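The values are calculated or read from the model by the stated rules, or taken from the named source; none is laboratory data. The structure presented is a predicted model; accordingly, all values stated were derived computationally and were not measured. When we count neighbours, we look across all protein chains shown, and the Cβ atoms used for this are built from the backbone with ideal geometry, even at glycine.
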């Protein structure tokens, strides 16, 4: 709910290929399970926002984390997806991403 | 799971009230949206698929309000028993 705060240079820029970490930590995670371990392309950098994984437990979520819109080919995400060219877009925090 | 019923339907009064209460406790700073989501995710996995959308919100709100000391489980159960007696249904 907090507004975007800019505190640092984002690690990724639109067009960068990124790999979503596969991890199953306990707690409230905004990175959908189906997208973990997949590779996509950064579409947009939204700004920095308090970390929801900490806000979920009443903490302040600081420092804010860079948030990106990442696009994935549906065929890279779902086996036997029927339509070529379809994409799925997911908002993902920087600490879930690594260079692909 | 079967086909999805896409027919629009009106919200029941209790659903509208649940949304209003949820918004109010958010605006009053009692909990963040992320805490609200976390409380629903913490639900018994056997209970989660048995409940509708706003029923899950009710369970989440109860959990948060008890966790933060605004209500106790006993107070909620006592009020429920009182309402069941007055209205004749659970």
Subject >> Positions within segment B:26-61 being within 22 Å of residue A:26 (Cβ to Cβ), more than 14 Å from chain A (Cβ to nearest Cβ), touching a helix residue (DSSP H, G or I) at 6+ places or on another chain (Cβ under 9 Å) and part of a helix (DSSP H, G or I), in sequence order >> reply: B:48, B:56, B:59
Subject >> Subset of segment A:62-90 (residues that are out of contact with any strand residue (DSSP E or B) (no Cβ under 6 Å at 6 or more places or on another chain) and within 14 Å of chain B (Cβ to nearest Cβ)) >> reply: A:62
Original post:
How about segment A:32-51: which of its residues are within 13 Å of the chain's Cα centre (by Cα), within 13 Å of chain B (Cβ to nearest Cβ) and in contact (Cβ under 8 Å) with a residue 40 or more places away in the chain?
Top reply: A:32, A:49, A:51
Original post:
What number of residues in segment A:1-21 are under 12 Å from the mean Cα position of the chain (by Cα) and either at pLDDT below 95 or in a loop (DSSP other than H, G, I, E, B) (or both)?
Top reply: 2
**OP:** Residues being closer than 29 Å to residue B:25 by Cα and in contact with a strand residue (DSSP E or B) (Cβ under 9 Å, 6 or more places away or on another chain): count how many of those fall in segment A:19-61.
**Re:** 12
Original post:
Does at least one position in segment B:50-68 carry a residue that is modelled with pLDDT of 95 or more, closer than 22 Å to residue A:32 by Cα and over 13 Å from the mean Cα position of the chain (by Cα)?
Top reply: yes
